[in-house]
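The values are calculated or read from the model by the stated rules, or taken from the named source; none is laboratory data. These figures come from a predicted structure and were not determined experimentally. Here Cβ is always computed from backbone atoms with ideal geometry, including for glycine, and neighbour counts include all displayed protein chains. Side chains are part of the model used for accessible areas, which takes the heavy atoms of the whole protein and leaves out ligands, DNA and RNA. Shrake-Rupley method; radii C 1.70, N 1.55, O 1.52, S 1.80 Å.
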Amino acid sequence: MTTEGGSVGVRDLIYGVYERRLSRALAGAPGPRHVGVILDGNRRWARAAGARHVSDGHQAGADHIADLLAWCDEAGVEVATLWLLSSDNLSRSPDEIVPLLGIIEDTVRDLAAPEKPWRINPVGALDLLPDSTVHVLKEAEESTRGKPGLLVNIAIGYGGRREIADAVRGLLHEHAQKGASLEEVATVLDVEHIAEHLYTRGQPDPDLLIRTSGEQRLGGFMLWQSAHSEFYFCDALWPDFRKIDFLRALRSYAQRQRRFGA
């Protein structure tokens, strides 16, 4: 009879073998430059674990982010966009939001630590966030600007519709400062002009978007940028998302024929 510890050991061994097999299969396969991830399922994970508060789920999810970024590094990903908190989520009870913002602040500080190679770039409606959170995000952005590693977009207070509205608003302000009329702006306005004012301006659009927790919808994530993205939906709740799940997403991506609307 196998003990519980023995069962875990055997399972870990099997996962390790499968993980190495997936890694070998991906060698030389086309990979994404930009991966976006909707880190979903923290609250359900907390309830399933019998936690007293959903913050335990948020903390478990936050503790897992560095693992994901390390996997992105290994896969040669250049940009990762992580959706940590939507603008809609800000309307949740203060009993959840206040601890969650604290967890996010601590996580961002950790990701921006001197020994970490990643560049932090906050994206979202920062004007909706508390000053303390904005300060942490801006400080992380400034302190990591010269680092050589993966560019990590931290999407907090983020909503895809809000991003597009902010982009159009920014474009109109820019032309108004040059003395252009609305009629003149309408004459020259095109897709690229709006793209140049998105939160992710200057970056490649995401090649692959991953959502955990079994939900098969974007929920407003990168609405503009995802026009030609490949989607991968994973049943695992975010804190349970394993390297195997990430490699499966990369394998699925590599097997697709990208047509870009053709």
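For a paramagnetic label modelled at 7 Å from the Cα of Leu223 toward its Cβ, which residues of the range 157-171 fall within the zone defined by backbone nitrogen distances under 16 Å?
Residues passing the 16 Å test: 157-170.
Probe of 1.4 angstrom, ligands and nucleic acids ignored: what's the accessible area per residue over the chain, in square angstrom?
Per-residue value: 52 Å².
For the chain, set up a Gaussian network in which alpha carbons nearer than 10 Å are linked by springs, and say which option among Leu198, Leu100, Leu172 fluctuates the most.
With Cα springs under 10 Å in the chain, the top fluctuation among Leu198, Leu100, Leu172 is at Leu172.
Most mobile of Gly160, Gly146, Gly179 per a Gaussian network model of the chain (Cα springs, under 10 Å)?
In the Gaussian network model the winner is Gly179.
Who wins for biggest fluctuation among Ser93, Ser55, Ser229 in a Gaussian network model of the chain, springs between alpha carbons below 10 Å?
Among Ser93, Ser55, Ser229, the largest GNM mean-square fluctuation belongs to Ser93.
Give me a comma-separated list of calculated 3J(HN,Hα) values for the range 149-163, in order, Karplus coefficients 6.51, -1.76, 1.60 applied at θ = phi - 60°, integers in Hz, x for any Gly or Pro.
Rounded to whole hertz, the list is x, 3, 7, 10, 7, 9, 8, 9, x, 9, x, x, 5, 4, 4.
Label points 7 Å out from Cα along the Cβ direction at Ala29 and Ala195: separation in nm?
Reported label-point gap for Ala29 and Ala195 is 2.7 nm.
Taking H placed 1.01 Å from N in the peptide plane, check which residues at least 5 places from Thr81 or on another chain put their amide H under 5 Å from its amide H.
Val35, Gly36, Val37, Asn153
What do you reckon, how do Tyr232, Tyr253 stack up by accessible area (1.4 Å probe), largest on top?
Largest accessible area first, the residues go Tyr232, Tyr253.
In terms of Cα to Cα distance under 16 Å, which aspartates and glutamates are near enough to Lys147, apart from those fewer than 8 places away along the same chain?
Asp73, Glu78, Asp110, Glu115, Glu139
Accessible area, 1.4 Å probe, largest first: how do Phe231, Phe246 sort?
Listed by decreasing accessible area, they come as Phe231, Phe246.
What value, in deg cm²/dmol to 500, does the helix sum -39500 (n - 2.57) over DSSP H runs of n ≥ 4 give at 222 nm once divided by the residues of the chain?
-15000 deg cm²/dmol
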